[in-house]
Structures are given as structure tokens and as C-alpha cells.
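> Mind having a look at this structure? Questions to follow.
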Amino acid sequence: MLSATSGGRGSGLGFAMPAILLLLAFFVIPVAFLLMRSVTEPAPGLQNYATLLGSTTYAKIFFNTFFVAGVVTAITVLIAFPVAWALAIMPARWSAVIFAVILLSMWTNLLARTYAWMVLLQQTGLINRMLKAIGLIDQPLQLTNNLIGVTIGMVYIMLPFMILPLLGVIRKIDPAILQAAALCGATRAQALRRVLLPLAGPGLASGGLMVFVMSLGYFVTPSLLGGTANMMLAELIAQQVQSLVNWGMGGAAAFVLLVVTLGLYAVQLRFFDQAEAR
Amino acid sequence: MKKTMFALAVASALTAHAAMAEDMVFTSWGGTTQDAQAANWAQPFTEKTGTGVMQDGPTDYGKIKAMVEAGAVTWDVVDAEFDWALQAGKQGLLEPLDFTVIDKAKLDPRFVSDYAVGSFYYSFVLGWNPANFSDAQPATLADLFDTTKFPGKRTFYKWSAPGVIEAALLADGVAPDALYPLDLDRAFAKLDTIKSDIIWWEGGAQSQQLLASGEAPIGFFWNGRLAALQADGMPVGISWDQNITAADALVVPKGTAHKDAAMKFIAEATSAEGQAAFAAATGYAPVNLGSADLMDPAVRATLPDAQTAVQVNADMAYWAEHRDEIGNRWYAWQAQ
């Protein structure tokens, strides 16, 4: 859709028509129905939203959702930035191989990857047994069923979505600019902070927002690697719809998540447009 | 949301197909349980009637409601939890069962109602991994809640359903005949005492993994899953003391195009032979009172229906009535 609109608004629309119809029939209309149920079930009115926004339990779930998404985004940025930088400056042959490995991990089934983390991280898992064997710990560390498990599992899944946009931006940066900074007497830290980071800003912003927005709606990984104390919004929706068959409440929660996501997406689009304009 | 749309798309595609072939669709929870249902119910049914049975799953109450409301029902017989089935019957989501086709005289009356008959019944039992407890072995539900005597993580069924709340009350000293109406305050207070030590299991396979790996050396399990671990040669401790029974139900979503076939399928599934063969394959108990005579006594001894003396029946009617109220409180408590 993005490329269609940026490539010439009139001409792209025809090609995008099948995709637009598909989205309309299988996404927009059902979402509209769901939204309607959120204000009609079990009785007409806004009481689902009142419950959702008024209870401390749901407030905690909202907080968890944003907190986990925030932590995951921050750690993903910290890991992805050096990786993208290294990929940008290493010989092309090497970067192609590493790039392929990163993409390959994206194509492996999400559930399989999450179960693999469960096996690695549990108390009797490989990581705990190794740490014990080399004498670093006496008691196994609690790495699953909590925030640590969710964060590890989700950062791993989100990394490619951060590395790709960053790499695109960093590759465009002329290495001579950094040399110029050094010649002008900038320390490495200063060059990073005042030259590299501002230039990579658009990539950081778009990647960061993409990861944040995707994390907000994640279900499988938090459900399997996290405990119920870190419950996120997607899991609440699943409970309401699948277990309690309360479409009204599930719809309301889904709608709130959708609004937040669209809002953040709007911000992301702005950043994208600015980046394109430069 | 995406899931629902996908379900509706698949649903309409399936309707078209099913109508052409005149097959019916049976939906259950997947895994070894559904395999046994396919082999011991669907196959004989197809041989006798000529009607093919397509397997689908997993059971999803949200989907059933969506299908019935949209008038596009593609699941003809569904294996569901009994308390949900009673509630759904009252809400008009199910077809009344035809007891001129299904012979209810032979069925355990605990698991017969207008809209649902038992599919099989099972017990929640105390299970543990003996490798993790060198001295005394756990024996009672009170031990399950005693982290001093039996330290370590304990695992419980994650979803709101009959079983765990009853176990908490029994462990706290409530007499079995005084369980209902459930004292939720007391149950959650008891659960609070071990909350930080609980790992929740979402499905049977996960419960087995947690116990076998020692991640959670003690917990509250579906008896059939422990039987399967034992059959694989793993030493598993099982205590039947105050085993809590619950049942799955066979139901027919309202508006199915294959109502006659659905009723005949349920008749076959609940027959003495079908129930006996299924029980032997899964470790779950038959709901047909005539099945016991058809079974190997050694196998029978491992089933919940051999443990009625120490058994506590979860009150399905009570749960059907209070399902939403308990569920909302359960999930809110979990999230705190």
C-alpha cells in the first residue's frame, strides 16, 4: 500500500484493488461487526468500555501490555543497532550470509521457536544446566513464566524487524562523514551521539515503532513464556472470546488495542514520510 | 479478530464441501484423545452408516457461537466441556438431543441432559514426579498446597473450569458434601498461599512436559495424561484421594444440516462398545454403564470409575449457572 501510494496515486490504485477488496471483505467488515458487538452485547451501551477502562485488573493488563512492549523495543534497539552497523560496514559477502541467517529465523514457525525457548530456558533446561555445571549458580534461575522469559522470546522474534529498517538507513550514511567528525576532533562517543544516531534516527524511529506496535498485540510468546502476572491484552481478548464467549468485552478490548495501534502507526507513517523527503 | 475471520472463511468453504459429500464433521480437542475418538467412534460409525466423518478442531466456544449466529454451522458434533454445554443449551446454541436415537437408559445419569450427553469422564488427580521427592511422597490435596513439606513449583489447569477451585477448598478442609455453593473467597485465599509457586498448564501435552522435566514436580492433572506417561515407562506418582470428576460432553450446534447423522454418531459414540474401546485407549472413564463388562479388568482398575469411593463430583449444573461469574473472577485473580 505504501509503495502504491508513493509511486503515483492514481495509477497504483488499480493494481492495489484486489488487496483492498480482500482487506475490506475479510478485515474491515468483520472488525466493524466486532466493534458493533462491543457496544451491543450483552446490552446496548458503553458498559464494556466502562468496565474495561474502570477496573484495576484491566488497568494492570494495559500497563503490562505497554510495559512489555516498551522493554522489548528498548532491548531490541540496543541489540539491533550494533548488528545493523556491523552488517553495513563488513564485506558484502559476509553481510549477505549473516543477512540470510537473520531472514531464515523469521521464516521458521513462531510456535516452534517459542517452544524451543521454553525447553532452553526452563529450570531443568539447557541454559540452567550449563550455568550450574560451570559453577556460576547453585539454584536454577527462574527464566520462564515471568517477564524475563517474555522479553527474551519476544526480542528474539522482533530483532529482524528492527535490523532491516536500521540497515537501510545506516547503509546510506557516507562513511566519510564519520571520518570528517574524527578529523574535527570528535571522540568516538561524540561521533556516535552527534553524527551517527541523528542520521540513523528515521530508521530507529520506524523500526522501533514497528516493533512496539507488533509487541502490543502479541499472543503466543507471552502466553507460553510469561506467567499470568504479566498477562497482556491479546491474552485477555482470547480469554473473553474463547473461554467466556463474551464477544462484547473481547470486542471492546480488541477495539482499544486497534485504536492504540492505529495511532502509533500514524506516528510511524509521519516518520517514514519525513525520512523519504530527505 | 483475524482468527474469527479465517474461521468464517473456512466455515463457508467447509459447508460447501460437506454438503456435496454428505460427510459430517466432528470437532474435538486434537491430540491422542481425538485420535482415539476417530478410531473408536468415527470409523465404526462410517462402516455402519456409510456417512464419512471429517475431523476438525480444536473446540472453540467463540467459533461455535459465531457459527450458530451466522447460520453457517459446519461442526455437526462437538466435544465440549460439560459445564459449558449445559450453559450453551440454555442459551439456545445447541440442538436438543434425540433420545429415540440415543439410548440414554444405559448412560451414567450424572452425564445426561437435554442438550448434552457425556463424551467421557475424567478425574483431576494429584500427580508428582517421584524423582523430586526423596523421603515422604505426597498423598493428599493438602500436600499439593503445602510448599514446606513438598517444595517446588506446582502446576494447575490455566483455564477457568471445574477442578482447581474445588481442590483448593478440599485442601483447606471443606467437606466434600459442603463444597457447593463454592466459597470463592476462601478458595482464592487458599490459592493465594501458593500463587508465586504456580505454573499454569494450558493443554495436556504441556502438563506432561512440566511434570516429566521436573519443572513442576507436583501438580493437578487430567488422569489420562498421567496414565499416558506411565504407559511410556515414566515413574509417576498418582493419588486418587479426593479425585475430582469432570466430564466432556457431546453436543450438536443449533442449525446443523446433518442433524440425523449427528444423533446417530452420538448414539454410536456413547454405545457400550464405543465407550469401552475409547476408555481402553485413553485412560478416561466410559459414560455407558454397560462398558465395564466389556473391558479387561486390569485396564478397568486404572480408570476413574474404579475410584468412586474416594471421588468428589464437580457440580456441573452449579458451574453452568455461575460459569461467567467464576471465570471473570478467576482471570482477574490470575492477572493480579
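> Efficiency by 1/(1 + (r/R0)^6): what FRET value for B:GLU47 and A:VAL119, r their Cβ-Cβ distance, R0 = 25 Å, to the nearest 0.05?
The calculated FRET efficiency here is 0.05.
> Right, here's the next one. Under a plain spin-label model, where a point goes 7 Å from the Cα along Cα-to-Cβ, how far apart in nm are B:ALA38 and A:ALA100?
Modelled inter-label distance: 3.7 nm.
> A further question follows. Where does helix B:61-70 land angle-wise versus the long Cα axis of chain B, in degrees 0 to 90, nearest 10?
The helix B:61-70 is inclined about 20 degrees to chain B.
> Also: According to a simple spin-label model (label point 7 Å from Cα along Cα-to-Cβ), what is the distance in nm between A:ARG129 and A:ALA112?
2.2 nm
> Amide H of B:VAL25 versus every other amide H placed in the peptide plane: which residues, excluding those fewer than 5 positions away on the same chain, fall under 5 Å?
Placed amide hydrogens put B:MET54, B:ASP76, B:VAL77 under 5 Å from B:VAL25.
> What spacing in nm lies between the two simple spin-label points modelled at B:SER196 and A:LEU197, each 7 Å away from Cα in the Cβ direction?
In this crude label model, B:SER196 to A:LEU197 measures out at 3.7 nm.
> Of the trypsin sites (Lys or Arg not before Pro) in segment A:148-192, which ones lie in a loop per DSSP and count no more than 15 other C-beta atoms within 10 Å?
none
> What stretch of chain B, leaving out the sites themselves, is the longest with no GluC sites (Glu not before Pro) in a DSSP loop having at most 12 other Cβ atoms within 10 Å?
My reading of the result: B:23-201 is the longest stretch.
> What is the local net charge at B:TRP159, summed over the other residues whose Cβ is closer than 14 Å to its Cβ (Lys, Arg +1; Asp, Glu -1)?
Here the count lands on -4.
No lab work stands behind these numbers, since they all come straight from the coordinates. Values in this document were obtained by computation on a predicted structure and should not be read as measured data. With ideal geometry, Cβ positions are generated from the backbone for all residues, glycine too; neighbour counts draw on all protein chains shown.
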